[in-house]
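*Asks:* If you scroll down you'll find the structure; I have some questions about it.
No lab work stands behind these numbers, since they all come straight from the coordinates. Please read all numbers here as calculations on a predicted model, not as lab measurements. Cβ sites come from the backbone with ideal geometry, for glycine too, and all protein chains shown count toward neighbours.
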Amino acid sequence: IRPDYLAARFNALTPPPATGRPDIFALADSLGASVLINKPLAQGLLTGKYDPHYPPVFAPGDHRLRKAWFTPGALKIIQDGLAPLRQRFGDSTAALTRLALQYCLQQTDNAAVLVGFTRPEQITENLTAAGAPLTEEELAFVRATLGRLQQNLDAHSEVFLDEKGCGR
């Protein structure tokens, strides 16, 4: 099989591969393929969209009702983990969107992101963010900060698994 691209869900909340297993980027590189990244904004979780003090209320049947990520405890972990990024790059949704998208795009030279939107201004925000790469020093700061966030989520396995009521 010689795919042109591999599609995968990936963002700063994506768990690392099991020890000894290649990540999606190494696998794509070994196949000479690019990577199409889905959910790079983690359904808005990485943009500061949700406040743990006012957790979202979803309509019956919404798949996010099953997601532990949207509980007040998980939202607090994410909010605290994003604080250093807000302090350094700005508190706006646009600033956090840029960081989340560049975190994904700068994983490899041959990546693209598939970004959702619900309002027209988000299209402009997403396109602007995708066109403004981070410097090496900024990227190192973002990776370190998001790595700490990932470790903190991992320490709370009920949050990390992504589904309420599921065990590891």
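*Asks:* For the stretch 59-114, what is the convex hull (Cα atoms) projected area averaged across all directions, in square nanometres? Walk me through the numbers before you get to the answer.
*Replies:* Values: hull surface 21.9 nm².
Mean projected area of the Cα convex hull: 5.5 nm².
*Asks:* Report the far tail of the P(r) of the stretch 29-168, meaning the percent of Cα-Cα pairs longer than 24 Å.
*Replies:* Working: 3264 of 9730 pairs.
Result for the distance tail: 34 percent.
*Asks:* Quick check: convex hull over the Cα atoms of the stretch 1-105, volume per residue in Å³, rounded to an integer?
*Replies:* On the way: hull volume 14.8 nm³, N = 105.
Dividing the Cα hull volume of the stretch 1-105 by its residues yields 140 Å³.
*Asks:* Membrane-span-like helices in the chain: DSSP H runs reaching 15 Å or more (Cα, own axis), mean Kyte hydropathy at least 1.6? Could you put the intermediate results ahead of the total?
*Replies:* Values: long enough: 72-89 (24 Å, -0.03); 93-105 (18 Å, 0.95); 120-130 (16 Å, -0.46); 136-154 (26 Å, -0.46).
TM-like helix candidates: nothing returned.
*Asks:* Kindly rank 11-19, 67-75, 113-121 from highest to lowest mean number of other beta carbons found within 10 Å of each residue.
*Replies:* Working: 11-19: 14.4, 67-75: 18.6, 113-121: 12.3.
In decreasing order of mean packing, 11-19, 67-75, 113-121 become 67-75, 11-19, 113-121.
*Asks:* Along the positive direction of the dipole of the chain (beta-carbon charges: Lys, Arg +1; Asp, Glu -1; about the Cα centre), which of 90, 12, 65 reaches farthest?
*Replies:* Ranked along the dipole, the leading option is 65.
*Asks:* Under 1.5 on a/c is rounded, so check that first for the stretch 79-138, then, if it is not, pick prolate when a/b is larger than b/c and oblate when it is not; a ≥ b ≥ c are the square roots of the alpha carbon gyration tensor eigenvalues.
*Replies:* Working: a/c = 1.87, a/b = 1.08, b/c = 1.73.
Since a/c reaches 1.5 but b/c is at least a/b, the shape of the stretch 79-138 is classed as oblate.
*Asks:* Just from its helices, what would the mean residue ellipticity at 222 nm be for the chain, if runs of 4 or more DSSP H residues each count -39500 (n - 2.57) and the sum is divided by every residue, rounded to the nearest 500 deg cm²/dmol? Intermediate values should be presented prior to the final figure.
*Replies:* Numbers: 6 runs with 73 residues, N = 168.
Calculated mean residue ellipticity at 222 nm is -13500 deg cm²/dmol.
*Asks:* I've got another one for you. Hey, can you grab everything whose amide H is under 5 Å from the amide H of residue 9? Only 5+ residues off in sequence or another chain; H modelled, so Pro and N-termini drop out.
*Replies:* 38
*Asks:* Can you give the relative contact order of the stretch 1-154 as a percent, counting alpha carbon pairs under 8 Å and 6+ residues apart? Working shown, then result.
*Replies:* Values: 200 pairs, mean separation 43.3, N = 154.
Relative contact order here is 28 percent.
*Asks:* Hey, how many Å between the Cα centroid of the stretch 1-37 and the Cα centroid of the stretch 79-137?
*Replies:* Using only Cα atoms to place each centre, the spacing works out to 20 Å.
*Asks:* Still on this model: Can you list residues from other chains, or at least 5 along the same chain, whose modelled amide H is less than 5 Å from the amide H of residue 34?
*Replies:* 5, 6
*Asks:* Hey, in the GNM for the chain with a 10 angstrom Cα cutoff, which one of 22, 56, 84 fluctuates hardest?
*Replies:* Greatest mean-square fluctuation among the candidates belongs to 22.
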